[in-house]
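Read through the structure below, which is laid out as structure tokens, and then see the notes.
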Amino acid sequence: MLGAPAQAVPVSIDLAGNCTTSCGLDGSDGNARVFTFLDGLGLSSQVRVTAWSASQNSSTGALSNWRTAFVGEYSNGLGVTNRSEGDGSSNNAHITDNASGIDFLVFRFDGEVTATGADLNAYAMSVSGYSGSGSDTDASFYIGTSTVPFGTSVNMSDSAQRLSVMTHYIDTTGGSSSNYRTFNADTLYKGNTLIIAASVGDYMRSGSNRPDGFKVENIRVEYTIPAPEPAAIGLFGLGALALGLRRRRRRA
């Protein structure tokens, strides 16, 4: 007996406008924000978000000098104020950007998901070293699986922990306006950790003349709901048959 196929249930997680603590443009580096949502089974689940920044070699793209940063929650989504950006008030420095180092938002889920998209709200920056000004939303995404317990921050400065959550890399190009960014639609990589960064791949694009900067308003994930085992379906069918026979006997 063939069972019904497994179902992929999409879930949208709102990340904007509900801040209750540390709601300024800057705060303690290494802070965490926890969001509660209903998973594919309608059960309460959580995602824990932290922020990091790294320096990048402009010739090779290599990342180094990983440091914790402040993750801020605003009306238009999540942003990052890293240690090179002062209090985040100047030049929209509190957004997720690659102007003063590359900002990373690390989303650690309490279970395995398939992350598929995000709403990115564009912000303009004017930065020395770039020939243009205005907004750009090129973004990089990583998917992996962390082995540290949920509730403990992934340590991106630890190479083993970092490699485990940066297993699958997806670089995307955007435009100057806010947009919904689809990623991982073809490969459907699964993991308990999603990382969203201002583009890590921009160093390879000679035509890139603007820094990337945005706030992450929403993320979309899918939960795979397993199909019932054929044996379980058979037992259910036998139970229904037995119940029907019992009712017939009572009527007789």
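The values are calculated or read from the model by the stated rules, or taken from the named source; none is laboratory data. The structure presented is a predicted model; accordingly, all values stated were derived computationally and were not measured. Methodologically, a virtual Cβ is constructed for each residue, glycine included, from the backbone with ideal geometry; neighbour enumeration extends over all protein chains shown.
Tally up the residues in region 150-186 that are of a type in the set (Asp, Glu) and farther than 19 Å from Arg48 by Cβ, please.
The number of residues fulfilling the criteria is 2.
Among (1) without any contact (Cβ under 8 Å) to a residue 12 or more places away in the chain; (2) among the β-branched types (Val, Ile, Thr); (3) touching a His at 6+ places or on another chain (Cβ under 6 Å), there is one condition Thr81 misses while meeting the rest; what is its number?
If we test Thr81 against (1) without any contact (Cβ under 8 Å) to a residue 12 or more places away in the chain; (2) among the β-branched types (Val, Ile, Thr); (3) touching a His at 6+ places or on another chain (Cβ under 6 Å), just (1) comes out false.
What tally of residues in region 122-145 results from selecting those that are surrounded by 20 or more Cβ atoms within 10 Å (Cβ to Cβ), at pLDDT 90 or above and more than 19 Å from Tyr180 (Cα to Cα)?
Count: 1.
So which residues in region 109-123 are of a type in the set (A, V, I, L, M, F, W, C) and either more than 10 Å from the chain's Cα centre (by Cα) or within 17 Å of Tyr169 (Cα to Cα) (or both), if there are any at all?
Val113, Ala115, Ala118, Leu120, Ala122
Which count do you get for residues in region 51-106 that are crowded, with 22+ Cβ neighbours inside 10 Å and either over 21 Å from the mean Cα position of the chain (by Cα) or aromatic (Phe, Trp, Tyr) (or both)?
4
So, of the residues in region 207-237 that are closer than 24 Å to Asn91 by Cα and not in a strand (DSSP E or B), which turns out to be modelled with the lowest pLDDT?
Gly207
Being surrounded by fewer than 18 Cβ atoms within 10 Å (Cβ to Cβ), under 25 Å from Asn76 (Cα atoms) and acidic (Asp, Glu) is true for just one of Asp186, Asp158, Asp171. Which residue is that?
Asp171
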